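Have a look at the structure below, then the notes.
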Amino acid sequence: MRISYTFFVALLVFIVAGCEEEGVVGSEDVIVHDGIRLTVDSTFVVNDTFMARGKAENIGNTRVPAVWKVEGVFYEDQRFRFKLGGNNTSIRFPLDPLQVTGWEISFSSDLYAPQDYPNFSISDLRAFSE
């Protein structure tokens, strides 16, 4: 019985330690809002965090209800081959047709120092609800 308890505690510590605060990117179990056009205005670094900022425009015919998210994947450069990681940000208000709002996504990792990736970029943007 002692071995099972020790194993359970070790497994729990491993799972909790492995969890990051950043969101899961690329999940297929979501509702994608195809009527949202996402554009990138700028990419920059704050401290040790990759950042991207842009706009979301509802070019569809229906309202996107709150809460919805914008996600993206950060890459080494604009060849979009080497993925650094990704994240998402929550938008906590609805977006009616023809309305526009801003978004900002951040990503940080102990594996990748922003100074090593001066030409980083973001891609694979999508708007979705869970």
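The values are calculated or read from the model by the stated rules, or taken from the named source; none is laboratory data. Quick caveat, the model's predicted, so the values are computed rather than measured. Quick reminder, even Gly has a Cβ in these numbers, built from the backbone with ideal geometry, and neighbours come from all protein chains shown.
Of Gly72, Gly85, all but one fail to be at positive phi and out of contact with any helix residue (DSSP H, G or I) (no Cβ under 6 Å at 6 or more places or on another chain); the exception is Gly85. When restricted to residues that are of a type in the set (Lys, Arg) and either surrounded by 12 or more Cβ atoms within 10 Å (Cβ to Cβ) or modelled with pLDDT under 95 (or both), the stretch 77-92 contains 1.
Scanning the stretch 104-124 for residues that are under 17 Å from Asp77 (Cβ atoms) and not small (Gly, Ala, Ser) gives Phe107, Leu111, Tyr112, Pro114, Gln115, Asp116, Tyr117, Pro118, Asn119, Phe120, Ile122, Asp124. Suppose we filter the stretch 62-98 for residues that are within 17 Å of Asp34 (Cβ to Cβ), part of a strand (DSSP E or B) and among the basic types (Lys, Arg); how many remain? Count: 1. In the stretch 51-65 there is at least one residue that is at pLDDT 95 or above and within 14 Å of Ser108 (Cβ to Cβ). Across the stretch 45-62, the number of residues qualifying as closer than 18 Å to Gly102 by Cβ and out of contact with any Ser or Thr (no Cβ under 6 Å at 6 or more places or on another chain) comes to 5. So which residues in the stretch 99-130 are within 16 Å of Gly54 (Cα to Cα), over 17 Å from the mean Cα position of the chain (by Cα) and not in a strand (DSSP E or B), if there are any at all? Hit for the stretch 99-130 is Gln99, nothing else.
The set of residues from the stretch 43-59 being more than 20 Å from Asp77 (Cβ to Cβ) and in a strand (DSSP E or B) comprises Lys55, Ala56, Glu57, Asn58.
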